[in-house]
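Inspection log for the structure reproduced underneath, given as structure tokens.
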Amino acid sequence: MHGHVRRVGALLGAALLGLGLVGCGPSESDSDGAAEGSGQFPVTISTRFGEVRVPERPERVVALGWSDAETALELGVQPVGASDWLDFGGNGVGPWSSGEYTGSPELVGTNEINYEAVAALEPDLILNTRSAGSAKTHSTLSGIAPTVGPPKDTAAYGTGWREQLRMVSTAVGEKQRGERLLADTERAFEQAVSEHPVLKDKTVGVGGHYGNGYGAYLGEDSRVRFMRELGMRNKPEIDELGSGSFYVDISQERLDVLSADLTVVFAVNGDSSQLRADPLLQRTRAAESGNLVVIDDPQLVKAFSSGSVPGMRYALREVVPTFAEHVAAG
């Protein structure tokens, strides 16, 4: 399945494809030890590659995983190197984080990491929490500095925002600040749910269009997890199409599988006008029933896709009311 992920990533350039509640964060051995107090070191973090020990507060952080840089910035840490998964350019983060840097990080690649550039930055911590989970990549990075990879039993790019926030906050010595951000974000979702109760228990299909094809996002994807935070359920027929990844291609003949109580579709690094003019999409049950939302604003697409605390807050404000307007009644 990793080969499929790499293929899709290549198609998308900056890999626009890409929040879970399984075990995460510091190991149990730290539960009443040094990790409990914010900023106290050493700390140990459990990952799919075993326990990673960070001996002292890091001063030079390289953030490689999807939204790791935005997460670090939210915790007051400015990475010296980063990946630009959503092809923002500039500092590699969305406008919701654009004011956080005082000095620009070096962008060191996404699917193809420039290991020499990473090593040249002399990091004392590498974050790769939301990634493909490649053992080879982890081994190479760990030879440079302590590297925090994904949690155990996590699909490619399937690290949830809670897991990511807790792992990163522990690693950089800002665990308490991380817990406050987590609670604030949960309250923001709770407010959105209370303001838009029509979304609760409804099914959703989330799709992306790239090149000449469509795909559907599976249950481990950050966009689908965003919808679950709103009380929605990924359409079961979609999740049955694949496992072990976050995305599956859909043939034109099966495009109607995206139809649900609410269907959300966007163009990946493209023009949404193609979608609005696509007769196949417009003939789906979702479109004919008025339950289709095409996200036009590229920045909003990236916020919805980010799975980061600041990106999700932006999406909550800007797109959830539209979701509520288009969800099937009853």
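Kindly provide the set of residues from region 92-128 that are in a loop (DSSP other than H, G, I, E, B), modelled with pLDDT of 95 or more and touching a Pro at 6+ places or on another chain (Cβ under 6 Å), ordered by number.
The answer is Pro105, Asp124.
Collect the residues in region 68-90 that are at pLDDT 95 or above and open to solvent by 30 Å² or more (accessible area, probe 1.4 Å), keeping them in residue-number order.
Gly76, Gln78, Val80
Take Ala216 and decide whether it is touching a helix residue (DSSP H, G or I) at 6+ places or on another chain (Cβ under 6 Å) and assigned to a helix (DSSP H, G or I).
Spelling it out, it is not the case that Ala216 is touching a helix residue (DSSP H, G or I) at 6+ places or on another chain (Cβ under 6 Å) and assigned to a helix (DSSP H, G or I).
Please work out if Gly65 is of a type outside the set (A, V, I, L, M, F, W, C), open to solvent by less than 70 Å² (accessible area, probe 1.4 Å), closer than 22 Å to Glu174 by Cα and assigned to a loop (DSSP other than H, G, I, E, B).
In short, yes.
How many residues, within region 133-158, are modelled with pLDDT under 95, open to solvent by less than 40 Å² (accessible area, probe 1.4 Å) and not small (Gly, Ala, Ser)?
2
Within the set of pairs 6 or more residues apart or between chains, which connect a residue that is within 11 Å of Val80 (Cβ to Cβ) and open to solvent by 80 Å² or more (accessible area, probe 1.4 Å) inside region 104-118 to a residue that is assigned to a loop (DSSP other than H, G, I, E, B) and of a type outside the set (Val, Ile, Thr) with Cβ atoms less than 6 Å apart?
Ser104/Asn91
One residue is enough: does region 23-36 have a residue meeting the conditions modelled with pLDDT under 95 and in contact with a Gly (Cβ under 8 Å, 6 or more places away or on another chain)?
Yes, there is a match, as at least one residue in region 23-36 is modelled with pLDDT under 95 and in contact with a Gly (Cβ under 8 Å, 6 or more places away or on another chain).
Can you tell me which residue within region 38-93, out of those that are in contact with a strand residue (DSSP E or B) (Cβ under 7 Å, 6 or more places away or on another chain) and acidic (Asp, Glu), is farthest from Gly133 (Cα to Cα)?
Taking the candidates together, the pick is Asp84.
The values are calculated or read from the model by the stated rules, or taken from the named source; none is laboratory data. Only a predicted model underlies this, so the values are computations on that prediction, with no experimental measurement involved. Heads up, the Cβs are rebuilt from the backbone with ideal geometry, glycines too, and the neighbour counts pull from every protein chain shown. Note: areas computed on protein heavy atoms with side chains; ligands, DNA, RNA excluded. Shrake-Rupley method; radii C 1.70, N 1.55, O 1.52, S 1.80 Å.
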